[in-house]
Amino acid sequence: MKRIILLIVIALVFTANVFAQTSNTTTTTSQDTNSRTETTTKTETLLPGGKTITTTTTTSTPNMDAYFGIKAGANWSDFIVRNMPDAESNLGFGGSAGVFLKLESKHFALQYDLTFHYKKSKMDDMLAVEDMIMEITTDYRYYGLELAMYPILQGLYDTLGGKVFIGAGPYLGLGLDAIQKPGNIDLYKKDKDSNKSIMGRLDFGLGIIAGMEFKNVPNGLVYFGYQVGLINLLSAEKDAKTMKNRHISFGFGYKF
């Protein structure tokens, strides 16, 4: 037992002596290369007897610049309908405006859009009244907010002198007000008996965005967007019929 204790003491003394004679020197350098930051960490360990061990670690991360921007434009909206054989949805003209945050490197960007929109669309429906077939046109007018996220590829220059970009991603919509004419019917108002509204306020879907940032007009851009909803907007009759959002947009923006 005494021998074991003595060996442990000797080992501890030897280890402490080695660490006391060992020294580390760490050097970190960074440089920008092709829109990326390369960080090199070099560690030199001096061992007893003058021997040196060198360890080098290199990490590379993309440089991301943040821009805040504003945008405004026109939109054309209608519905994708199912189980409504006599109904035909037609595009209506509206407008939109919003802000965006763009985090970008040379060839990649991540863009967040918050947009306020006013949309219009028409629905033509054939209705049988006694012995007559009548065509009824219903106007839909609605306001809402949309939050979208687009991973974007960019960095191409065309003959017009602009930087072309294209991206795709999800969006989430919230309806603020919706009116059906004739009758000025509130589509979001719940019925007293069924406690259901004609349409629901929430929308979710996928969209694409494409455009060009002008080279001769610094920070100016033009964009085109297309969105398709994945949620049935109907509430009271959602088990029997389907109406999904479809939306085309075109406009201009400016980033700061």
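The values are calculated or read from the model by the stated rules, or taken from the named source; none is laboratory data. Every value quoted in this text rests on a predicted model; they were computed, and no experiment measured them. Cβ coordinates were reconstructed from backbone atoms using ideal geometry, including for glycine residues, and neighbour counts include every protein chain displayed.
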- Query: Do we have Leu91 as in contact (Cβ under 8 Å) with a residue 24 or more places away in the chain, closer than 17 Å to Pro170 by Cα and assigned by TED's automatic domain parsing to the domain that holds Tyr142 here?
  - Reply: no
- Note on the structure: Exactly one of Val222, Val164, Val217 is of a type in the set (A, V, I, L, M, F, W, C), surrounded by 15 or more Cβ atoms within 10 Å (Cβ to Cβ) and over 25 Å from Gly94 (Cβ atoms), and that one is Val164
- Message: Give all pairs with beta carbons closer than 7 Å in which a residue from region 234-253 that is touching a residue at least 40 places away in the same chain (Cβ under 8 Å) and under 18 Å from Lys189 (Cα atoms) meets a residue that is of a type in the set (A, V, I, L, M, F, W, C) and in a strand (DSSP E or B); count only pairs at least 6 apart in sequence or on separate chains.
- Response: Met243/Phe79; Met243/Val81; Met243/Leu234
